[in-house]
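First the structure, in the form of structure tokens, and then the observations on it.
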Amino acid sequence: MPKITFIDATGTERTVEAQVGATVMEAAIRNGVPGIDAECGGACACATCHVYVDEAWRTATGEPGPMEEDMLDFASDVRPTSRLSCQIKITESLDGLVVSTPENQG
Ligand code: FES
């Protein structure tokens, strides 16, 4: 199973095993990773699953779609590496993915 590392705002790293076909948000919630609220349950309607994708993984994870871009306007401290983690589908090629969670969601 692909491994994903989440780094929180204090620098603490948590690496979890994720299922192919699930989303990065689901991997975080299932494994009790703090820092992702996911209030809408993955419908791209809340922006509380905001993460920063590690620079080295930006190509692999791709760019946000138009709906995600609109939703990101509601997130705080948005950066060029910002994504909504419920919109990143896990594939084998994302094994080793590193994302950081912001200090606050929403
Ligand atoms: S969980 Fe709501 S936008 Fe991702």
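The values are calculated or read from the model by the stated rules, or taken from the named source; none is laboratory data. If you're wondering where the values come from, they're calculated on a predicted model, not measured in any experiment. Note that we place each Cβ from the backbone using ideal geometry, even for glycine, and neighbour counts take in every protein chain shown. Surface areas here come from the heavy atoms of the whole protein model, side chains and all, with no ligands, DNA or RNA. Shrake-Rupley method; radii C 1.70, N 1.55, O 1.52, S 1.80 Å.
Below is a table of values for the structure above.
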item	result
Residue in the stretch 55-65 that is open to solvent by 80 Å² or more (accessible area, probe 1.4 Å), under 16 Å from D95 (Cβ atoms) and more than 11 Å from the ligand (Cβ to nearest atom) present	yes
Pair list, Cβ < 9 Å and 6+ apart or interchain, from the stretch 23-51 residues that are among the aromatic types (F, W, Y) to residues that are open to solvent by 10 Å² or more (accessible area, probe 1.4 Å) and within 6 Å of the ligand (Cβ to nearest atom)	none
Residues satisfying the stated conditions in the stretch 52-93, i.e. under 16 Å from I7 (Cα atoms), more than 10 Å from the chain's Cα centre (by Cα) and in contact (Cβ under 8 Å) with a residue 40 or more places away in the chain	D54, A56, W57
Residue count, the stretch 6-53 (criterion: open to solvent by 30 Å² or more (accessible area, probe 1.4 Å) and hydroxyl-bearing (S, T, Y))	3
